[in-house]
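Some notes on the structure that comes next.
Since every read-out is calculated from the coordinates, none of them should be taken as a lab result. Since this is a predicted model, take the numbers as computed values, not measurements. So basically every Cβ, Gly included, is an ideal-geometry build from the backbone, and we count neighbours across all protein chains shown.
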Amino acid sequence: MGIAALVAGFVGVRVMMHDFSKIKDLGKSVQLPAIEIPEVLKKLGAPKDETADWKTYVNEKMGFSMKYPPNLRVQESDVASDVASEEGILTVRNVSDLDKELSELEKITSDTENTKEVEQREIVIDGIGAKDISYKNLRPKPMGDGPLWEINIYMPEKNMAIFVQAKHQESLDIFRTMISTFKFTN
């Protein structure tokens, strides 16, 4: 009985190998039709750069540049640069005590009554590792009664941080696009 099973298995394997070789040969003889790209797709070309008509802000002292929409205004001080609109503000500043900053932010984001939708992730900005912490802030604010959506990005290697406060969650998209254009100049 054992020999019969062995012979049957051997024959089965040979039959399968023969069938697979037919499938392999079949693939050599099949001709696929050429696929034409429709004219409408050819006209689309490369995706449009949504920042193409934006202005470029350069801060030589702090060593960075960033694109921003022409309807926003830039304000510089000795310690920070702000790009603002009625919808919100993006601030870039040097951070001398990163541990203290992160400790304060930890207090804010752990207040579950006033802070919602906390997200933390590691990102890269112009080749530099950064910590991105965003959340919805329900505390009373100087910008009005409603909540603020906030982004806090810390770049320890450069002792620099980017802070965003926006009146509407949808406004964060424009600020995130601005951050995506951030470049170090020194």
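If you stretched the chain out fully between Ser77 and Arg121, how much longer would it get, using 0.36 nm times the residue separation minus the C-alpha to C-alpha distance?
12.9 nm
Using DSSP to call loops (not H, G, I, E or B), can you name the GluC sites (Glu not before Pro) in the range 77-151 whose Cβ has at most 13 other Cβ atoms within 10 angstrom?
Glu86, Glu113
Among rounded, prolate and oblate, which fits the range 55-184 when a ≥ b ≥ c are the square roots of the eigenvalues of its C-alpha gyration tensor, a/c under 1.5 means rounded, and a/b larger than b/c means prolate?
Since a/c reaches 1.5 but b/c is at least a/b, the shape of the range 55-184 is classed as oblate.
Taking 0.36 nm per residue of sequence separation and subtracting the Cα-Cα distance, how much length would be gained by fully extending the chain between Lys136 and Lys183, in nm to one decimal?
Gain on stretching Lys136 to Lys183: 14.2 nm.
Of Lys61/Lys107; Lys55/Lys167; Lys67/Lys100, which ones are farther than 26 Å apart at the Cα?
Pairs exceeding the cut-off: Lys61/Lys107; Lys67/Lys100.
Pulled fully out, how much extra length does the chain show between Ala84 and Thr56, if you take 0.36 nm times their separation in residues and subtract their Cα-Cα distance?
Extra length available between Ala84 and Thr56 comes to 8.7 nm.
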